[in-house]
Amino acid sequence: MPLITYREAIKQALDEEIQRDENVCIMGEEVAQYNGAYKVTEGLWAKHGDKRLIDTPISEAAFSGLAIGASMLGIRPVIEMMFMSFSYVAIDQLFNNGSFCRYMSGGLMNVPIVVRGPANGGTSVGATHSHTPENMVANHPGLKVVCPSNAYDAKGLMKAAIRDNDPVFVMENTLLYGEKWEVPDEEYIVELGVANILKEGTDLTIVSHGRCAMLSLQAAKTLEEKHGISAEVVDLRSIRPLDEETILNSVRKTHRALLVEENKPFCGVDAQISHIIQLKAFDDLDAPIRRVSAIDAPNFYSKELEDWQLPNEERIIEGALKAMA
Amino acid sequence: MATTKKKTAAVAKKPKAKLKNFATAPINKSLSKDEKIDLYRTIVGIRRFEERSLRAYNQGKIGGFLHLYIGQEAVAAGIVSLMEENDHIITAYRDHGHALAVGMSMNECMAEMYGKHTGCSKGKGGSMHFFAPDKNYWGGHGIVAGQTPLGAGLAFALKYKGLKGCAMAFLGDGAVNQGSFMETLNLASLWNIPVVFVIENNGYSMGTSLKRSSAEENLAHRADGFDMEWEVCNGHDVFEVREVANRAMIRAREEHKPFLLEIRTYRYRGHSVADANHEKYRTKEEIEEYKRTKDPLNVVKEHLLSDGTLTEELAKKIDQEKKDEAEASAKFADESPVAPRSEIQTDVYWEVDNDSEGKLKGTYFFND
């Protein structure tokens with residue numbers, strides 16, 4: 001299987017979907033002629049032209065709303081947020097109109113848009129550019145959100161998101177764009193709502209998503225080698241819809257759970273997952289559920305401190321040892 | 001008087017009424033007798049429906065907010081009468097008039113306000129959120145100016161698909177100071193999108209007069225900053241509305257160009273019915289003067305009586321019909337059931353509502 005970058009995998013998904021469906025278009029700041037701020041759309045404008053690759057002014061509220069309006073008439077816009085943090089100036093459009101138009105019309109319309117872009121810290125760009133709002137998105141019934149941790153999932157989930165008839169947020173990660181994974185040449189889809197077990201284990205379940213799932217996998221290997229702990233790593237892939245069964249089945253097997261995410265702890269995704277585990281697998285637990293999240297403060301600018309603030313292998317191992325205690 | 005864009009000329013702050021008989025303009029002269037009566041019927045219908053809804057609100061039958069359109073009826077009635085097959089319309093929360101004008105029934109609208117299952121949105125939207133996509137009516141939106149980029153999006157879709165049509169995006173004078181609207185003006189002009197923005201300027205954004213909220217009181221002038229054409233007209237005469245809006249709509253359809261139309265109008269009631277102070281931020285005399293000289297219902301009636309379209313007898317008959325229809329809608333709403341509790345989690349996700357193949361994976365709803 002070819003080894004390609006996360007960035008290339010997303011580009012392939014966009015390219016293939018543009019060719020498959022004439023209503024798919026890509027819209028955002030610098031997506032066309034500049035070839036993408038993070039080069040995710042590189043070459044697509046040259047290949048598909050002005051109609052399908054549309055450069056926007058710096059007006060997230062307007063182009064998000066425009067995409068929603070266009071989607072009501074059957075267009076399937078994929079809008080890029082240069083940083084998902086920039087979606088905050090478009091919250092009324094995305095969180096009110098995007099999620100509620102279907103509901104408030106009693107089901108008379110639907111909004112098939114994709115909102116994609118990097119949602120991560122760890123790059124020394126300060127707190128305003130480092131948001132991970134998958135928890136906020138998931139808090140709005142009507143919206144869906146996925147967080148691919150690798151190139152294979154990024155391509156498969158992107159294609160599923162574009163074909164979905166509801167608004168889907170795809171949370172990418174700038175620290176993963178250049179990383180490589182095996183991705184098959186033949187077409188495939190990764191369905192929303194299906195988690196992936198990255199590593200099987202018997203002593204502890206680590207539930208994670210996005211780049212943290214990869215860090216958890218690394219930590220699990222160290223736990224095995226240095227501490228003799230067999231950790232199972234569940235990569236959620238999709239936050240809403242959520243694959244509860246895979247989480248619960250794993251916890252029922254290992255009897256211990258560590259939840260790892262880059263979100264801030266208060267009302268983070270893992271707060272909900274922790275609730276689900278205690279509600280549905282209470283008798284299976286041998287120890288309190290533990291969490292490793294971003295240390296609860298705005299993101300630090302200075303690299304050394306931000307690297308410590310976000311989940312890292314050392315902090316995940318520390319959390320795992322607490323969960324095993 | 002309609003004033004057209006001239007970069008050097010100042011616009012009259014108050015377009016003077018009756019300098020021109022708009023009823024004889026070609027777009028209006030071409031109306032058949034039945035079409036003119038239909039216009040009258042629409043305006044009467046909106047008035048009587050809203051008067052009845054106000055009674056229901058005061059009786060405690062309607063919850064939340066009730067933003068009445070009374071005084072502005074000729075704007076929606078006039079513009080909707082110009083809509084063609086591929087024209088679309090979207091507005092804010094003062095949305096009853098537009099809904100009835102596109103042909104939504106009083107029953108489904110009244111029932112929606114009563115929160116009943118028979119309402120146009122099954123009771124999920126309420127007064128501010130009427131929708132009828134089958135009639136090209138895309139709401140009914142609650143957040144000030146939030147609908148304006150959606151309107152541009154409808155127009156974008158028309159152009160993308162190569163359809164000849166336009167989108168009519170209505171907003172109030174309070175909405176012009178929202179960032180999303182100004183961003184949208186720029187996008188629409190930059191991309192040559194066939195959208196007509198219609199500012200229904202009733203002079204007050206809730207309790208704040210135009211003078212106290214907008215540095216430039218000639219709201220249409222904002223189009224200049226985005227190299228967009230604009231025009232200003234009065235909103236009390238349905239024939240003036242039609243004459244001026246028609247030009248903007250033709251231009252949008254033919255040339256794929258946006259347009260900013262400012263229509264000077266007036267609301268008789270408060271911002272919403274809860275706004276009991278509306279006679280404190282404006283005088284009673286101001287309200288009475290508008291009603292006496294510019295009431296859109298009286299104005300259209302006078303036109304149609306004078307050109308022989310309407311007789312006093314027919315006018316009275318139509319009025320009674322609309323009163324009866326409004327009364328019947330209140331009865332219908334009152335007697336309708338509320339939605340079953342199972343409806344709380346329908347219409348959230350298209351994919352859940354339409355899972356005919358059982359392909360859904362994972363949990364969509366998180367209740368204990």
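Every number in this text was worked out from the coordinates using simple rules, so none of it is lab data. The structure presented is a predicted model; accordingly, all values stated were derived computationally and were not measured. Note that we place each Cβ from the backbone using ideal geometry, even for glycine, and neighbour counts take in every protein chain shown.
Report summary: the helix-based calculation at 222 nm, which adds -39500 (n - 2.57) for every DSSP H run with n ≥ 4 and divides by the residues of chain B, gives -12500 deg cm²/dmol.
Residues of chain B were split at every exposed loop site, defined as GluC sites (Glu not before Pro) in a DSSP loop with at most 12 other C-beta atoms within 10 angstrom, and the longest piece left, sites excluded, is B:86-215.
Taking Cα centre as origin and charging only the Cβ of basic (Lys, Arg, +1) and acidic (Asp, Glu, -1) residues, the dipole magnitude of chain B rounds to 920 debye. Across the options A:Val190, B:Ala330, B:Thr148, the greatest Cα extent toward the positive end of the charge dipole of the protein assembly as shown (unit charges at beta carbon of Lys, Arg, Asp, Glu) belongs to B:Ala330.
Given springs between every Cα pair under 10 Å in a Gaussian network model of chain A, which of A:Glu313, A:Glu30, A:Glu186 has the largest fluctuation? Among A:Glu313, A:Glu30, A:Glu186, the largest GNM mean-square fluctuation belongs to A:Glu186.
Here each label is just a point 7 Å from Cα along the line to Cβ, and for A:Asp296 and B:Ser32 those points are 7.1 nm apart. Gain on full extension, evaluated as 0.36 nm per residue between A:Glu224 and A:Glu245 minus their Cα-Cα distance, stands at 5.1 nm. Modelled label positions at A:Arg20 and B:Asn354, each set 7 Å beyond Cα in the direction of Cβ, lie 1.6 nm from each other. In chain A, the DSSP-assigned H stretches of four residues or longer account for a calculated mean residue ellipticity at 222 nm of -10500 deg cm²/dmol, using -39500 (n - 2.57) per stretch and the full residue count as denominator.
The mean number of partner chain beta-carbon atoms within 10 angstrom of a residue's beta-carbon across peptide A:49-61 is 3.
Using the Cβ-Cβ distance between A:Glu182 and B:His117 with R0 = 35 Å, the FRET efficiency computed as 1/(1 + (r/R0)^6) comes to roughly 0.10. Positive end of the dipole of the protein assembly as shown (Cβ unit charges, origin at the Cα centre): among A:Met84, B:Val299, B:Val176, the Cα lying farthest that way belongs to B:Val299. Taking the centroid of alpha carbons for each part, the stretch B:201-247 and the stretch A:271-296 are 56 Å apart. Computed from point charges on the beta carbon alone (+1 for Lys and Arg, -1 for Asp and Glu), the dipole magnitude for the stretch B:182-242 about its Cα centre is near 240 Debye. Taken residue by residue and averaged, Cβ atoms of other chains lying within 10 Å of the Cβ of B:356-362 number 5.
Taking every residue in B:153-164 and counting other chain Cβ atoms within 10 Å of its Cβ, the average works out to 6. Remark: spin-label model distance A:Arg163-B:Ser209 equals 6.1 nm, labels positioned 7 Å along the Cα→Cβ axis.
Under a model in which nothing but the beta-carbon of Lys, Arg (+1) and Asp, Glu (-1) is charged, the protein assembly as shown shows a dipole of about 2340 debye around its Cα centre.
Ranking A:Ala138, B:Tyr160, B:Gly78 by how far each Cα lies toward the positive end of the dipole of the protein assembly as shown (charges on Cβ) leaves B:Gly78 at the top. Between the exposed loop cleavage positions of chain B, defined as trypsin sites (Lys or Arg not before Pro) in a non-H, G, I, E, B DSSP state with at most 11 neighbouring beta-carbon atoms within 10 angstrom, the longest gap is B:17-279.
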